[in-house]
Amino acid sequence: MIELSGIEVYYGRVYALKGIDLTVNEGEIVSLIGANGAGKTTILNTISGLLRPVAGTIRFRGEDISRTEPHRILSLGIAQVPEGRNIFPDMTVRENLLLGAYQVRDEHVIRKRLEQAHALFPRLAERRGQLGGTLSGGEQQMLAICRGLMSGPRLLLLDEPSLGLAPLIIKQVVEAIRSINAGGTTVLLVEQNARMALRISHRGYVLETGKVVLADTGARLLENDQVRAAYLGQ
Amino acid sequence: MELFVTQLANGLVIGMTYALVAIGLTLIYGIFHIINMTQGSLYMLGAYAAYVFVSGAQGNYFVAIVFAMVAVGLVGLLFERLSVRPLLGRNHLVFILSTFGLAVITDNLVMIGFGPEPLRLASPIARKFINVQDVLFLTQQKVFLIVFGVAMIVLLTQFLKRTNVGRGMRAVATDQNTAALMGINVKQIYRVTFFLGAAMSAAAGALVGAVFSIEPEMGNLLIIKSFAVVIMGGMGSVPGAFLGGLILGVSESLGGAYLTVEYKDAFGLIVMILVLLLRPQGLLGRRMGLR
Amino acid sequence: MNAVLRWKWPLLAALLVLLPHLLQGEYPRHLMILAMVFVMLAQGLNLTMGYVGYLPFGYLIFFAMGAYASALLSVNWGQSFWVGLAGAIGLTGVLAFFIGIPSLRLRGPYFAIVTLAFAEIGGLVLNNWVELTRGPMGIPGIPSPTIALPGMTPYRINGSVSWYYLMLVLAVLVTLVCQRLVQSRTGDAFLAIRENEDLAESVGVPTYRYKLLAFVVSAMIAGVAGSAYAHYVTIVSPDLESFYFVITTFTMVIIGGQGTLSGPIVGAVVFTILPELLRAAQLWRLVIFGVLMVAGIVFMPRGIVGWAEEQWQRLRREGRP
Amino acid sequence: MSILHLRDVSKHFGGLQALSHFDLSVPQGAIFGLIGPNGSGKTTLFNVITGFMRPSAGQIHFNEAPIHTQPAWRIAQLGLVRTFQKTSVFADLSALENIRVGCFARTRGTPLQSILRLPGERRERRAADDKARRILALLGMAAAESIQARNLPYGHQRHLEIAIALAAEPRLLLLDEPAAGLNAEETSVLMQTVQRIRDQGITVLVVEHDMKLVMGICERIAVINYGQKIAEGPPEEVSRNPDVINVYLGEDLEL
């Protein structure tokens, strides 16, 4: 579905990604794991068009999107749920969701997706008039995921959905990811919580300072010593 | 009593002018985090655009207001292209200087084109009076100005609240990257913002131009006063700018009548200085999205 | 080429001394005098804007205040030019100190706007404190300076040649003060603040004090310029703070080259003379200044001097493979 | 003996508790590591120690003297100097000028002396130039003397940052993620540099998320999460601590 080949990204003079090759197939959950600063978020932001690669190509369903602007990438069917949620704090839950559907013109579609969001996390329906900034961390994460789904993406990029959440909430989020995936949306997941991520992923990539150092199925990576090393430097 | 009521009404007229210009300033600050020093010139241009439409083209005054808003809105787009877009990513100070340069150019071009002497913008309701209980005699123009101003502000807040593009503006004001991830075309939002900001100021100019006279320097003090209004009302807040504008207008008018005519122009400046100095952290630390 | 470089200072000094004799006629000399006033103004502005990186938008109020202080001291209280000059320096310094203490806690555009607000208030005072300033009419009849050294007949500065030399001396002194400040430990602190205030603070630079210092010195220099200008034109009015002076001074520094010592000089000389060459376009003068200012900011962010340095270095690189 | 001592330090922003009841003792002459995931409060801790933020509660002593009420520049002059997470150099100044600014804390010339060009002032300035050149040479960057910092290669910029701090003659050097953006080779050069700095008698406190660097050079490590210290000890011990493993690998949930 999406294929990155030889992607290189710099922040000013600092290289952030040095030749990334990875693919995500239709219907998969794929996770990117690695320590802080390994380049996971950078990969997502490059796919979304917030960052321009200096070399390499990104193909989405056959089309080269490595030089495409963010709002066009969204309209092609890639949505990102950013790290730290980035809920718009001064807007209501409903307004946040509507922003997710910014490019959708059809009122019926918007209404249907709002209902789907409320079905996925009933909590959001209760809070629809509340300001985003007043939600708890878990609720914000739920909102961010639903906001990402409002555009009806084929590929959903999730950046650290478990960050700072209590175990109980993480379970809910994980359930949601699984059900989103079961509904036909492909998921590319970035996580610090490697154990959680690998447990629910079909495949995973381990990153270290801007490079892929390991790629395997989720289950096999879970057992791998190198994974521990990547995190703990042992 | 009569004096008080009259001054109060005049204060509201002036205050509405400040509010409209300040809203333009606040919108642009909210999105770009820059201070647009051309705001006073856009206001002046609004008055002259209406004047050209009415006196030059023999047009209707009320249509002239709309004409001024659209024409000056387009000038705003030009300004964005010339003095903001090429500098995005540079130090914030350069924007003050570049927009200041544009303001000087604009003011002096108008001076060359129309001469320095005051002109009269003719409105059919400028000399019709409304008599309220024999205490207050107001021209219909002033009443119209207030009503129109309130209508503009209500429209704008509803636009920001209810429409897709309005929500998009608020989103870009809070967080450009996340807004882009929502599929919002950020550059388009830039243009919409500058257009609206310019149109708001132009409306103020076209309205107040028919109350007083119009001259090329009419926007000079206005820019810093509306900045004071924005600071008082809170950066990025449209209702705040509205309220701040009215408060400043009324206090100038009443203060001018009862305290000192000479220094009434200093009120807003002093309040602004005090606000900035007494709680700079509170002000600067606050999120500056559009509200 | 190298010979020219080695002799550039003596050559320049000779040129400056001989200039009023090379230029015949009152008008060219008047322009040179004006240029010297602008050199001072631009150097002062450059100190805060170019070296410390803070934009004192209301800077010209110190020029006006210096002029008024000097004018009042000599016209109302019969003091000499030198007392007036000292008074101008003192007043602008004190004013800047008290404006700077609160304003310099603000960063970026807020500082610029607050100084502008102070300047507007100052302008209102000049216009409205009629008993003291005579309001918009201004104060005419400011006497010429006299130089009286012990054992010498007092010499009255009169006529364009002697005025030129007085302004030249003042401009050179101002430039020297600026040069010594910026090429010292103090200047290191200034530049550090401009480049990265947090980093400066983290290696022990008391940034607030140095910002205040720069702001006060800037203001005092504007005060010197104001005082000398007042005595030269013999009348002061609130116009000293007008758009004309503001846009001219800022354009000079921006186009000349911020954060360099020669930039303000180049800017001041060029932009005093240039408008005269465009005299037919008298009306268009401010428009042209505006265009130059915007174009300078967009296309030549480092000014003429910065641009010239780049070209020079490129030439040298290309000359040495 | 500890050179830096934090007792019960807390910092909150509005309702958010960024640091709570933090205790820390950095022994003189050590290379001390501070690690923790994103948003755990490392940078807040750095800011509080170096005077860029006031602690909401608690005390900080440097060399036995309380510093939690001092402004940042004074703390730097006392000998506690930091670097920043994002590359922080004076971009438009040359490498030499950058380091000369670092000398500010150890020179005394006043503005008035500058204007009068007193001989002492000039001597001091020449000495600062010499010192800056020595430091550049030490870091193998002598050739970069007159190059603007913004035009230096990234690895050199990060070195320059440390050089600026060294010029201020710190007794305790705080490094905030010095290896961010460096490749493996540059990181190992950096590790050697840090060790050389310590060998000159300067205590080093380093915040990093690159565990390899921390494990490789630190004698002692403290782990912070949610503004609290969750572990402290020698590297081997810390990396076996189950709490630390959970923080870094994620809690093992039944899914």
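Read-outs: derived from the displayed coordinates by stated rules, not from any lab. Bear in mind that the values here come from a model prediction, so they are computed numbers and not experimental data. Don't worry about glycine lacking a Cβ; one is built from the backbone with ideal geometry, like all the others, and counts go over all protein chains shown.
Loop sites by DSSP among the trypsin sites (Lys or Arg not before Pro) of chain A, restricted to those with at most 11 other Cβ atoms within 10 angstrom, leave A:106-234 as the longest stretch without any of them. Around the Cα centre of the stretch C:27-319, unit charges on the Cβ atoms of Lys, Arg, Asp and Glu (plus for the first two, minus for the last two) sum to a dipole of about 360 debye.
Counting, for every residue in B:105-112, the Cβ atoms of other protein chains within 10 Å of its Cβ and taking the mean gives 5. Amide H contacts of D:Leu174 (H built 1.01 Å from N, in plane; Pro and chain starts excluded): D:Val81, D:Arg82, D:Thr83, D:Leu205 sit under 5 Å, all sequence-distant by 5 or more or on other chains. Beta bridges assigned by DSSP with both partners in chain D are antiparallel in approximately 55 percent of cases.
Shape class for the stretch D:61-172, computed from the alpha carbon gyration tensor (a ≥ b ≥ c): oblate, with a/c not under 1.5 and a/b at or below b/c. Per-residue ellipticity at 222 nm computed for chain A from its helices equals -11500 deg cm²/dmol, with DSSP H segments shorter than 4 residues left out and the rest contributing -39,500 (n - 2.57).
Could you please tell me the mean projected area of the C-alpha convex hull for the stretch C:221-260, averaged over all directions and given in square nanometres to one decimal? Write down the numbers at each step before the final one.
Numbers: hull surface 13.0 nm².
Over every viewing direction, the Cα hull of the stretch C:221-260 projects on average to 3.2 nm².
Taking the DSSP beta bridges with both ends in the stretch A:78-234, the antiparallel portion is around 45 percent. Within 10 Å of the Cβ of each residue in B:225-233, the mean number of Cβ atoms contributed by other protein chains is 2. Restricting the trypsin sites (Lys or Arg not before Pro) of the stretch D:47-93 to loop positions (DSSP other than H, G, I, E, B) with no more than 13 neighbouring Cβ atoms within 10 Å leaves D:Lys86.
Among the GluC sites (Glu not before Pro) in the stretch D:155-255, those located in a DSSP loop and surrounded by at most 15 other Cβ atoms within 10 Å of their own Cβ are D:Glu219, D:Glu251, D:Glu254.
Packing, taken as the mean count of other beta carbons within 10 Å per residue, orders the peptides C:41-48, B:51-58 from highest to lowest as C:41-48, B:51-58.
Compare the Cα positions of B:Met182, B:Ala50, B:Gly15 along the charge dipole of the protein assembly as shown (+1 at Cβ of Lys, Arg; -1 at Cβ of Asp, Glu; about the Cα centre) and return the one farthest towards the positive end. Of the options given, the answer is B:Ala50. Taking only the Cα atoms of chain C, the radius of gyration and Dmax are 20.0, 70 Å. What the phi angles of the stretch D:224-233 give under the Karplus curve with 6.51, -1.76 and 1.60, with θ = phi - 60°, is a coupling list of 10, 8, 6, x, 10, 7, 9, 6, 8, x Hz, glycine and proline written as x.
For the stretch C:44-119, which chymotrypsin sites (Phe, Trp or Tyr not before Pro) pass both filters: DSSP loop (anything but H, G, I, E, B) and at most 13 other C-beta atoms within 10 Å?
Details: sites: C:Tyr51, C:Tyr54, C:Phe57, C:Tyr59, C:Phe62, C:Phe63, C:Tyr68, C:Trp77, C:Phe81, C:Trp82, C:Phe97, C:Phe98, C:Tyr110, C:Phe111, C:Phe118; in loops: C:Tyr54, C:Phe57, C:Tyr59, C:Trp77.
Loop-located and lightly packed - C:Trp77.
For chain A, the orientation-averaged shadow of the C-alpha convex hull comes to 12.4 nm² (one quarter of the hull surface).
Fewest to most neighbouring Cβ within 10 Å: what's the order for D:Met1, C:Met220, B:Met111?
Numbers: D:Met1 9, C:Met220 25, B:Met111 16.
In increasing order of surrounding Cβ atoms, one gets D:Met1, B:Met111, C:Met220.
Is the shape of the protein assembly as shown best called rounded, prolate or oblate, per the rule: a/c under 1.5 gives rounded, else a/b larger than b/c gives prolate, else oblate, with a ≥ b ≥ c the square roots of the Cα gyration tensor eigenvalues? Since a/c reaches 1.5 but b/c is at least a/b, the shape of the protein assembly as shown is classed as oblate. Taking Cα centre as origin and charging only the Cβ of basic (Lys, Arg, +1) and acidic (Asp, Glu, -1) residues, the dipole magnitude of the stretch B:2-218 rounds to 720 debye. Counting only DSSP beta bridges with both residues in the protein assembly as shown, the antiparallel share comes to about 60 percent.
Karplus-derived 3J(HN,Hα) values for the stretch C:233-248, using 6.51 cos²θ - 1.76 cosθ + 1.60 with θ = phi - 60°, are 8, 6, 9, 10, 8, x, 4, 4, 9, 6, 3, 4, 5, 4, 5, 4 Hz; glycine and proline are entered as x. Backbone phi angles across the stretch B:59-72, fed through the Karplus curve with coefficients 6.51, -1.76 and 1.60 (θ = phi - 60°), yield HN-Hα couplings of x, 6, 4, 6, 5, 4, 4, 5, 4, 4, 4, 5, 4, 6 Hz in residue order; Gly and Pro are listed as x. Judged by the mean number of other Cβ atoms found within 10 Å, the most tightly packed of the peptides D:119-126, C:11-18 leads the ranking D:119-126, C:11-18. The sum of -39500 (n - 2.57) across all DSSP H runs of n ≥ 4, divided by the residue count of chain B, sets its helix-only mean residue ellipticity at 222 nm to -23000 deg cm²/dmol.
About its Cα centre, what dipole magnitude does the stretch D:89-169 give when the only charges are +1 on Lys and Arg Cβ and -1 on Asp and Glu Cβ, stated in debye to the nearest 20?
Numbers: 13 positive and 9 negative charges, 51 e Å.
So the magnitude is around 240 debye.
From the Cα gyration tensor of the stretch D:1-87, with a ≥ b ≥ c the square roots of its eigenvalues, which class applies: rounded if a/c is under 1.5, or else prolate if a/b is larger than b/c, or else oblate? Rounded, since a/c falls under 1.5. Too long at a 25 Å Cα-Cα cut-off: which of A:Lys40/A:Lys171; A:Lys40/B:Lys187; B:Lys187/B:Lys225; A:Lys211/D:Lys229; D:Lys11/D:Lys229; A:Lys40/D:Lys42? Check vs 25 Å cut-off fails for A:Lys40/B:Lys187; B:Lys187/B:Lys225; A:Lys211/D:Lys229. Principal-axis analysis of the Cα atoms of chain D puts helix D:154-167 at an angle of about 70° to the longest axis.
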